[in-house]
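J.: Next up is a structure, given as structure tokens.
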Amino acid sequence: MHSEGISVSVSDEAPGTEAAIPGATPDTAPTRGRGPVVAALMMGMALAALDGTIVSTAVPQIVGDLGGFAVFSWLFSGYLLAVTVTLPVYGKLSDTFGRKPVLVAGVIVFLTGSVLCAFAWNMAALIAFRIVQGLGGGALQGTVQTIAADLYPLKERPKIQAKLSTVWAVSAVAGPALGGLLATYADWRWIFLINVPVGAVALYLVVRHFTEPARPEPATRPRIDWAGALCVFATGALLLTALVQGGVAWPWLSAPSLALLAGSAALAALTVYVERRAAEPVIPGWVWRRRTIAAVNLALGGLGLLMVAPTVFLPTYAQSVLGLNPTAAGFVLSVMTLSWPLSAALSSHVYTRIGFRNSAITGIALAALILAVFPLLPFPGQAWQPALLMLLLGGALGLFQLPLIIGVQSTVGWAERGTTTASVLFCRQVGQSVGAALFGAIANATLAARLTHAPMPGLPGDLDSVSHALQHPAALTADAADYLRRAVASAVGHVYIGAAIAAVLSLLVLLLLAPRRFPVLAEHSKGQEETP
């Protein structure tokens, strides 16, 4: 069946392995016995997703045991840095040496980091071991997504991607609750030890059941671009450190921020120079020369940017403005995790009719409208109002993200899919880091302006202090509390306006840069010649 909006021929714009060696490398792995491998992928995704959030509610217990309150934010920043900057490296390694060895190595490194975290003796050691965890988490995130595309032909990929989206969404919401329970009723060290049995089962299933399709021996021995990998790692580390810590650990225009930004710019230039000269670069130039991949990278970078609004600022809004407890505030956000996987699973019925690009355009246009409505909610409002918006936002973003990921993975052959998938995830992670820094600055600037003109003295001066004061209002008058709630609502409203602008930018990228029809490669595996 030939669908309007989806091209099934091999395009000159995106040549893949199948074009060079017809039939030599199946586009998808054998379909028998996929169940255990899918279970392993879901467990691997759960490990990576949980460890991004599970520590958050256990921070008081960890700090009380180990100390280091001044640097505890690096428990999150260090993990995020390590995951983000290693994604391109693991993507290239999986294309060069295969998915299985990279995934196995990633699980082992992740579990090693988890065990080390459980036995950390001070905050510095715990932060260092969290970075080790992140080095394994980068392999888990990128390789799991790539194997999922290898296992399933184009028309079946929404099923596995919807499963992975569900795992990610549930883990992101359940992580803080699970961390709090373990820290309260057991010991915070179990937050890390619980990874061991889950990871061990995933490792066994991958080793026992996952067999990659045979590939022809390369004419020359593959070479690892260690210099490029080091440059990518160093550039990403400096840039993300500047974005994560700027405005928090030091002012934006201070010497540390300016030095880190200047250093990351210089290293970025060095990375481009090194990668142009490398025989097999970690980030090949074709990732940005091909319109489809470049457009998807930029569009999903915008997704990372806009997602900061609901995931970071909505819980603060729900607690500070609506007066909800943390559990109820989490529910307001969690409804998005119900509609997102469902929308993603059903998106194939849309993109098989109107194409990947038009499906994503529809989803992000709806998301922009929904985000723009948030500042118009009444004050103080009811919990169901932002919850309804998040339910609709999840549906819109499921229709936006999944067609882009499936579409871009389908434009490349096996030997380029790992690099392509990693570049998409890398851009989304960087977008999230930029969004956290940018929207944090917007929220604090709005609050500062409101508090400067406050009709009463002695009010707190930043978002964290305001949220804390509203959760413990004994020292506040009714008028002061009401003024602070309105200030928080205004600050979060401005963040959502910024998120709507990010959605519009993603929309413009798709309209102006993405091709009308994604150049999907014909699949060569037996029984998989048809595309939807």
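J.: Let me confirm something: among Val332, Val412, Val408, Val350, which residue is part of a loop (DSSP other than H, G, I, E, B) and assigned by TED's automatic domain parsing to the domain that holds Ala503?
T.: Result of the check over Val332, Val412, Val408, Val350: Val412.
J.: With respect to Gln133, is the statement that it is modelled with pLDDT under 85, within 18 Å of the chain's Cα centre (by Cα), of a type in the set (S, T, N, Q) and not assigned by TED's automatic domain parsing to the domain that holds Val412 true?
T.: Values: modelled with pLDDT under 85: no; within 18 Å of the chain's Cα centre (by Cα): yes; of a type in the set (S, T, N, Q): yes; not assigned by TED's automatic domain parsing to the domain that holds Val412: yes.
Against the criterion (modelled with pLDDT under 85, within 18 Å of the chain's Cα centre (by Cα), of a type in the set (S, T, N, Q) and not assigned by TED's automatic domain parsing to the domain that holds Val412), Gln133 does not qualify.
J.: Considering the range 131-157 alone, what residues qualify as being without any contact (Cβ under 8 Å) to a residue 60 or more places away in the chain and either acidic (Asp, Glu) or outside any helix (DSSP H, G or I) (or both)?
T.: Residue satisfying the conditions is Glu156 alone.
J.: Let me ask something else. List the number of the failed condition for Gly355; all other conditions in (1) at pLDDT 80 or above; (2) under 21 Å from the mean Cα position of the chain (by Cα) hold.
T.: It fails just one condition, (2).
J.: So, Ala125, is that one modelled with pLDDT of 80 or more, more than 24 Å from Leu203 (Cβ to Cβ) and assigned to a helix (DSSP H, G or I) or not?
T.: Spelling it out, Ala125 is indeed modelled with pLDDT of 80 or more, more than 24 Å from Leu203 (Cβ to Cβ) and assigned to a helix (DSSP H, G or I).
J.: Next up: Examine the range 272-282 for a residue that is surrounded by 14 or more Cβ atoms within 10 Å (Cβ to Cβ) and of a type in the set (Ser, Thr, Tyr), and state whether such a residue exists.
T.: Checked the range 272-282: no residue is surrounded by 14 or more Cβ atoms within 10 Å (Cβ to Cβ) and of a type in the set (Ser, Thr, Tyr).
J.: If you scan the range 353-386, which residues turn out to be touching a helix residue (DSSP H, G or I) at 6+ places or on another chain (Cβ under 9 Å) and not in a helix (DSSP H, G or I)?
T.: Hits for the range 353-386 are Gly355, Leu377, Pro378, Phe379, Pro380, Gly381, Ala383.
J.: In the range 228-266, which residues are of a type in the set (A, V, I, L, M) and under 21 Å from the mean Cα position of the chain (by Cα)?
T.: Matches in the range 228-266: Ala229, Val232, Ala234, Ala237, Leu238, Leu239, Leu240, Ala242, Leu243, Val244.
J.: Here is a check on your reading of the model: is Leu260 surrounded by 19 or more Cβ atoms within 10 Å (Cβ to Cβ), under 30 Å from Gly394 (Cα atoms) and modelled with pLDDT of 80 or more? I'd like the intermediate steps shown before the answer.
T.: Details: surrounded by 19 or more Cβ atoms within 10 Å (Cβ to Cβ): yes; under 30 Å from Gly394 (Cα atoms): no; modelled with pLDDT of 80 or more: yes.
No: the conditions fail for Leu260.
J.: Further question on the same structure: Condition test on Ser348, is it over 12 Å from Pro403 (Cβ atoms), in contact (Cβ under 8 Å) with a residue 12 or more places away in the chain and either surrounded by 19 or more Cβ atoms within 10 Å (Cβ to Cβ) or touching a Pro at 6+ places or on another chain (Cβ under 7 Å) (or both)? Break it down into steps so the answer makes sense when it comes.
T.: Values: over 12 Å from Pro403 (Cβ atoms): no; in contact (Cβ under 8 Å) with a residue 12 or more places away in the chain: yes; either surrounded by 19 or more Cβ atoms within 10 Å (Cβ to Cβ) or touching a Pro at 6+ places or on another chain (Cβ under 7 Å) (or both): yes.
Considered against the rule, which asks whether it is over 12 Å from Pro403 (Cβ atoms), in contact (Cβ under 8 Å) with a residue 12 or more places away in the chain and either surrounded by 19 or more Cβ atoms within 10 Å (Cβ to Cβ) or touching a Pro at 6+ places or on another chain (Cβ under 7 Å) (or both), Ser348 comes out as no.
The values are calculated or read from the model by the stated rules, or taken from the named source; none is laboratory data. Computed from a predicted structure; not experimentally measured. Glycine also receives a Cβ, built like all others from the backbone with ideal geometry; neighbour counts cover every protein chain displayed.
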